[in-house]
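Accompanying notes for the structure given below.
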Amino acid sequence: MSSPYIVGNWKMNGLRSTLAEARAIDRAAARYPKVELALAPPATLISRMHDVVNAIGIGGQDCHVEDSGAFTGDISAAMLKDAGAQFAIVGHSERRAAYGESDATVRAKAQSALDAGLTVIVCVGETEAQRDAGDAEKVVTSQVAASIPQGEDVAPRVTLAYEPVWAIGTGRVPSVDDVAAMHRAIRATLESAYGAAGKTVRILYGGSVKPDNAAELLGADEVGGALVGGASLTAESFIGIVEAVSPAQED
Ligand code: PEP
């Protein structure tokens, strides 16, 4: 198994002064050699963050499907890469909901991230109504099948993030059994798409991960890490999650 991958999504939060938190996370990372850490700050901070951290990955929160052009306000994967990012998050439920991003759009964005030389985190997740209707697994596996980039050899550069929409920013989390069942269903979908390579794609859980629930959620079957929103904004809570998952190695 690969090491747990814990990624903080700062969303539309963070000014230059907030880079102090990234520096503190970066310094702490040395005590957690068994965990892979990354942050996705707002695009305005990628380049500056790149200048002040060494041990953690940096990513964008979205990218356009095109490399360049007349798309006012948008940012391309090539620009993220140029600013110092190594990965892009695509298909976050906030973008699917607020900007009407379809699975096809998410797939095109994922493809453009790969084409620019980035790795990609593809987000999927059901709404509360879909879960209540008993459709969660069907919805999520069909999002996975239609959103992941295609190609024989892309799997090593793809990460999945299962984020139930109703758990994001709410303090509510699914049961460990429900997380494990969904991750197994996602794994089966990845294997149908990528063959044996689908066995190695990391599947992160996201939605109200905090220091006090991280060990349990990340201990569930097929959970390879976490995508963390609110609790990634301070070094104290983000490192609290890391510590819960894999206690520090003191020298
Ligand atoms: C997210 O938006 O990706 C997320 C998981 O947010 P939170 O941790 O705040 O629920």
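List of remarks:
- Burial ranking of peptide ranges 206-213, 226-233 (average Cβ count within 10 Å, highest at the top): 226-233, 206-213
- Anisotropy class of the chain from Cα gyration tensor, a/c 1.5 cut: rounded
- The listed peptides 52-58, 244-250, 20-26, ordered by packing as a protection proxy, come out as 20-26, 52-58, 244-250 (highest mean of other Cβ atoms within 10 Å first).
- Gaussian network model of the chain, Cα within-10 Å springs - most flexible of GLY151, GLY224, GLY117: GLY151
- Residues of the stretch 1-40 falling in the label zone of GLU236, defined by backbone nitrogen less than 17 Å from a point 7 Å along Cα to beta-carbon, are 18-26, 28.
- Among the GluC sites (Glu not before Pro) in the stretch 177-227, none is located in a DSSP loop while being surrounded by at most 16 other Cβ atoms within 10 Å of its own Cβ.
- Between ARG48 and ASP115, the modelled labels are 3.2 nm apart [label points 7 Å from Cα along Cα→Cβ].
- With a Förster radius of 30 Å applied to the beta-carbon distance between GLU152 and LYS34, the computed FRET efficiency rounds to 0.45.
- Tensor-based shape of the stretch 124-251 (alpha-carbon gyration tensor, a/c under 1.5 rounded, otherwise prolate or oblate): oblate
- Stretched out straight at 0.36 nm per residue, the stretch from ALA133 to ALA215 would grow longer than its current Cα-Cα span by 26.6 nm.
- Residues of the stretch 153-174 with amide N under 19 Å of a point placed 7 Å along Cα→Cβ from ALA98: 163-171
FYI, it's all coordinate maths here, none of it is from the lab. Remember, it's a predicted structure, so these values are computed and weren't measured experimentally. Ideal geometry is used to build each Cβ from the backbone, glycine not excepted, and the neighbour counts take in all protein chains shown.
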